[in-house]
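These notes are about the structure you will find just below.
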Amino acid sequence: MGEPRRKSTAPIVLVAVAMTAAAVGGFAIERIAGIASAPVDAGPPIAHAWHLIAIQGLILAVVCLAGLALWHLRRRDEAAAGEAALRAVIEAAPNGVALVDGSCRMILVNARIESLFGYPRGELLGRSIEILLPEASEFLCRRTAAEAPPVLRRDLGVIRGLETKGRRKGGGTTPVAISLGIVEMHDAPMAALIVHDLSDRVREEARLREAYRALRFANDRLRGVVEGTDDQIAALDRDRRFILLNAAYKARFAGLFGRAVEQGMRLDEALADRPDDLARLRSRWDRALAGERFQVVAPYPGGDGTVTHLELSFSPIRDDHGDLIGASQMVRDVTDRVETDAALRRNAAQLEALGQSREKAYLALQGAYEELKLAESRLVQAEKLSALGQLIAGVAHEINNPLAFVGNDLAILQRDVAGLVQLVRLYQQAAATLAERHPELAAEVDELADRMDLEYSLESLESLTNRAREGLGRIRRIVKDLRDFARLDEGDLDEADLNAGLASTVNIIAGLARERDVRVELDLAPLPKVTCSPGKINQVVLNLLINAVDASPRDSTVTLATRPEGGEGVVIEMTDRGVGIPPDVRDKIFDPFFTTKPVGKGTGLGLSISYGIVQDHGGRIEVDSTPGVGSRFSVHLPLTPPRKPDVEAAAPALVDGN
């Protein structure tokens, strides 16, 4: 949208004041002439007063006329500057720009037009647009007669993206796309043309056609190779359409799924009535289409009760430039190998069981000791957090009481300040009357108003009170976040909105993040209600946030994101761009008392306690870390945690089982 046109009221006011002042001066001169012709008894004071009025009126008229002249000079300079800026913008435009008058002659071209068509600007200005765009000029201009000069058509309106041929100075052509619009300037039509060079696009299209022909040739050669092997081979393009199938793959596909598959058919079409099989195959193909190379062994039950084990090898397909264009699959029957491996594993397990009976007892005792030690540390930590929650709740309650008083008083103050400002404005309107009747008092009031800068104070009172209310609002939000986070001692499960608790936890950690010069960003997707212990989940997120901030370098970002997971759970992801976790210690980070922080900086219980809390909720924590790049912790929680086993009911079974 363009800037609205400013109303030029200044010259009107100056002319009106000048005329009024001149009229008053003229009237005063007439009165002076009348007094001069009157008897001497008229009195000199009256004549002197009219002299002053005449002089002041004439001076005011001269000043107003001078101001009017200065205003016109300023507007002329602004118009010149605007025209120069517009020409600079047109000159720097990446596309060609040309203006065509009503006779189809070019009156303005930019540098891009010169470089695109090879004409210097002097050879184009004043010449017909036909020398550059011979085909486009046939509809852009029209002639009333065969020998008549061309005339710009007024009925074209706006045209975008018209592709045509442009004529270069040397006689060659270049593909271009033009967009134009017809405007009326001083009752005469004018066309504004934007010319876009299409040479790069045409070359790219030719390259793609050549690449397609090469691909077809390579495909024909490949088909002869894949048909001569016993392995089942297939390939999909990025639209999951089969671009390669050998006869062995077709037979295997028909035997497993009872459906025929042909080249050119999409995977979704081949298994449209088998959604489970389609979902399983799509997930594997999508991994390969994303650039992953992997291998899996999948069992397929047969109709006679036997199970066939197939080795599925997936690989991405790339062109000569490394761009991903599809994926391939090779299927091999490895049933004999799988059954042999299973028999060997059974024999090895039996031999290992015979030699590990004593070791199992020792490991069970050691595991019980470690669990007891971990339970003790968790109990101590839980007691600390419970006391911390009670302390925070008490402090928040004590802050809320005076905060309510201050908020109420500030609301009353805002109301009274508005009335006081209005009252002062009314007194200011009576300033002239006060100066007339009590000049000393008026002078004292003016002096006091100047000393305290009354106008600035009146204008700032509302903004000052508003900022005070904003500050009180921030205090209320901080107190609310503290009270929400203080639910650490709640052990009962409850349906909770995790996003609200996570936002409060981020506010708690905000001070530490600012101290470390680390930004914490939120990407919270809408989540369903989750049955959990909200305080414990907040503790997990707090531990992960503290670790992420500690591991992040200055001026970096930590991202906390949430998303639903297939309608059965939610995922909380914590991503930092820190030093990462070395592979040799990645399996130990959840062990009790294990820490990579310096002595005195960490207890080694944060991740261990978090791991236990997530397991108690029936969830899991996944870690993806690359040294020197950063880490991502993913907490997966079900919407409803599994029920804990009944200890009393299980006790007799344990006794009977010794």
Solvent accessible area, Å² - Lys529, 1.4 Å probe, full protein context: 120
Top to bottom by accessible area (1.4 Å), largest first, where do Tyr212, Tyr427, Tyr249, Tyr611 land? Tyr427, Tyr212, Tyr611, Tyr249
Which value in nm describes the separation of the simple spin-label points at Arg221 and Arg143, placed 7 Å from the Cα toward the beta carbon? 5.7
Area of Val261 that stays accessible when all protein chains are in place (1.4 Å probe, Å², to 10): 0
Measure of exposure for Thr335: accessible area at 1.4 Å probe, Å² rounded to 10, is 20
Excluding residues fewer than 8 positions from Lys360 in its own chain, the aspartates and glutamates with Cα under 13 Å of it are Glu352
Working with all protein chains in place, sort Asp550, Asp187 by solvent-accessible area computed with a 1.4 Å probe, largest first. Asp187, Asp550
Using only the Cα atoms of segment 163-253, build the gyration tensor, take square roots of its eigenvalues as a ≥ b ≥ c, and label the shape rounded, prolate or oblate: rounded if a/c is under 1.5, else prolate if a/b is larger than b/c, else oblate. prolate
Would you work out if segment 70-133 is rounded, prolate or oblate? Take a ≥ b ≥ c from the square roots of the eigenvalues of the alpha-carbon gyration tensor; rounded if a/c is under 1.5, else prolate when a/b is larger than b/c, oblate otherwise. prolate
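The values are calculated or read from the model by the stated rules, or taken from the named source; none is laboratory data. Just so it is clear, the structure is predicted and the values come from calculations on it, not from any experiment. With ideal geometry, Cβ positions are generated from the backbone for all residues, glycine too; neighbour counts draw on all protein chains shown. The accessibility values were calculated without ligands, DNA or RNA, using every heavy atom of the protein model including side chains. Shrake-Rupley method; radii C 1.70, N 1.55, O 1.52, S 1.80 Å.
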